[in-house]
1. Convex hull volume of the Cα atoms in segment 231-310, per residue, in Å³?
2. Give the calculated FRET efficiency between Lys307 and Ala48 to the nearest 0.05, with a Förster radius of 35 Å applied to their Cβ-Cβ distance.
3. Quick one: pull the percent of accessible area on segment 165-274 belonging to carbon and sulfur, 1.4 Å probe, ligands and nucleic acids left out.
4. What does the charge count near Pro337 come to, summing +1 for each Lys or Arg and -1 for each Asp or Glu among other residues with Cβ under 11 Å from its Cβ?
5. Mind checking which of Gly139, Leu125, Gly110 is farthest towards the positive end of segment 99-170's charge dipole, using Cβ charges of +1 (Lys, Arg) and -1 (Asp, Glu) about the Cα centre?
6. Using the Karplus curve 6.51 cos²θ - 1.76 cosθ + 1.60 with θ = phi - 60°, what ³J(HN,Hα) values do you get for each residue of segment 299-314, in whole Hz, with x for Gly and Pro?
7. Lys/Arg Cβ at +1, Asp/Glu Cβ at -1, dipole of segment 254-390 taken about the Cα centre: which of Tyr310, Cys361, Thr297 is farthest positive-ward?
8. For a paramagnetic label modelled at 7 Å from the Cα of Glu377 toward its Cβ, which residues of segment 334-353 fall within the zone defined by backbone nitrogen distances under 11 Å?
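The values are calculated or read from the model by the stated rules, or taken from the named source; none is laboratory data. The shown structure was predicted, so the numbers you read here are calculated from the model rather than taken from an experiment. When we count neighbours, we look across all protein chains shown, and the Cβ atoms used for this are built from the backbone with ideal geometry, even at glycine. Surface areas here come from the heavy atoms of the whole protein model, side chains and all, with no ligands, DNA or RNA. Shrake-Rupley method; radii C 1.70, N 1.55, O 1.52, S 1.80 Å.
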Amino acid sequence: MDLEQRTNDLRQSIRGKLITPGDADYDESRKIWNAMIDKRPALIVQCADTSDVVQAVNFAREHRLVLAVRGGGHNVAGNATCDDGLVIDLRPMNAVTVNADARVARAQGGATWGDFDKQTQAHGLATPGGVVSSTGIGGLTLGGGVGWLSRSYGLSCDNVVEAEVVTADGRVVTASENENPDLFWGLRGGGGNFGVATHLSYRLHPVTELLAGIIIHPRSEAPGFLRAFRDFMDSAPDQVSAFGALLSAPDGAPLVAAYVTYHGEAAEGQRVLAPLRRFGAPVVDDIAVKPYADVQTAFDAGFPEGKRHYWKSSALSSLDDALIDTIIDHAARVPSPLTSIGLEAQFGGAVARVPKDATACGLREVQHNLGILSIWEDPARDDENVQWARDLWTAIQPHSSGSVYVNYLGADESDRIGEAYTKSQYQRLVELKKRYDPENLFSRNQNISPA
């Protein structure tokens, strides 16, 4: 039977939809969040259920097709798509069900954090998730998952209690502390290397609102404000999570800012946040008690679909004065006003209290993570925007801890994958890859090679 006939058989046998280059909705279906990534898969299987995923995995394996898995499609590296292969598109599988009594939510692998928060907040519950609501739960969680609640409750992966996974041989398996515990360990930080996560179940926590908001100063205040931000976070309790940034206003004016959240009693939060708020004379300080769902969408406008993205990232050994001066200097030469430099202070606290090898996720000892988020619109300016990000990343290397958050790695950083894990974690991941995917069918990811 030829490939064309087998493709037609696949189209007829799935509950979802098979899209090929000749279909009217092909171009729209193949687009992902990062406009820098423009790939043309041979087949896109928009799966309706786990059975569709099984059939798609088997088809790709039997016909030796490159296989990509799309959840939210939000990853900057563009691993959610491929040229000439098969894309498993999980987006139709976005249901989230909540057991409020047990404080557990079960979500399909194509759900976004917006989908997840909508259902869990109806019960006054939440789990640590991403800071952009269009991010898929699957990709973020499998790589670790950092959010506003992480210093209180750990990473997204620390709150997973069970996963349903379609493995490379087409089996549907459950992974938990009691079932396939080796796979459960690897899924929590090892990315999409071991299968397609069709369902993820999360532990939930009572959260309805946060004391949260942004503090903005003119860029001229950046040296003092970033030092104040560093000193504040050095002694901040676990209830505080923050993101410092050098960015530009919509009119292009250069700014320095911090988005800060406090998870706890509001009056105590006001007291805790006061030292940072007292710095200088901010042009904006909108810190107030806000619904958790509003905080979860606060960054959405800054990361819309269809822009061109090139990111570099490093965990920092320290946020010292020399590093602060370096990033301010490079920010003054940024080619695009859409670009920002972020100091992510969402690690520490509960994240650091999980033993290093309890999951496959590294970065347990990180306090600050530097994100160089180069964003622009004109393809003719790709080279200068990419080079600016690379130059800044090179300049900050003396201050790097030598580790990286795997979810922030770009398409050209396969040589850095080992930096995302401890040596023992990486060796264990390789052995797990040999066991569950010896032929490396799941290679469109930050790949752990079985070789």
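1. Dividing the Cα hull volume of segment 231-310 by its residues yields 135 Å³.
2. 0.70
3. Solvent-exposed carbon and sulfur of segment 165-274 make up 52 percent of the total.
4. -2
5. So the residue we want is Leu125.
6. 9, 4, 5, x, 9, x, 5, x, 8, 9, 10, 9, 10, 10, 8, 8
7. Cys361
8. In segment 334-353, the label zone of Glu377 (backbone N under 11 Å from the point 7 Å along Cα→Cβ) covers 337-338.
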